[in-house]
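First up is the structure itself, then whatever we jot down about it.
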Amino acid sequence: MLSPSTEWKGQAFVCAGFSLESPQYFLYRWQRSVPQHVLITATADLDGDGAVDLAFEQAVDCRAGAYVAGE
């Protein structure tokens with residue numbers, strides 16, 4: 001699936017400098033628990049059967065307008 005450029009205009013994506021201009025296999029979700037802490041999840045259904053085949057999570061903190069992972 002190729003997401004339109006407007007998909008990457010959200011505050012979290014802009015702060016992290018994250019965008020994709022090519023087709024992607026993952027669905028990306030940013031979940032904010034408090035203003036400076038976010039949990040990023042990425043899931044993929046690689047064979048199209050409706051079940052998640054791969055999933056990744058990464059906690060990040062926003063400091064001075066940039067996200068820092070793994071702390």
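The values are calculated or read from the model by the stated rules, or taken from the named source; none is laboratory data. Predicted, not measured: the structure shown is a model, and the values here were computed from it. Note that each Cβ is placed from the backbone with ideal geometry, even for glycine, and that neighbours are counted across all protein chains shown. Ligands, DNA and RNA are excluded from the accessible area calculation, which covers all protein heavy atoms including side chains. Shrake-Rupley method; radii C 1.70, N 1.55, O 1.52, S 1.80 Å.
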Of the residues that make up the range 47-54, is at least one part of a strand (DSSP E or B) and surrounded by 10 or more Cβ atoms within 10 Å (Cβ to Cβ)?
yes
Condition first: of a type in the set (Gly, Ala, Ser) and either within 17 Å of GLU57 (Cβ to Cβ) or open to solvent by less than 50 Å² (accessible area, probe 1.4 Å) (or both). Now tell me which residues in the range 1-41 satisfy that.
SER3, GLY10, ALA12, ALA16, SER33
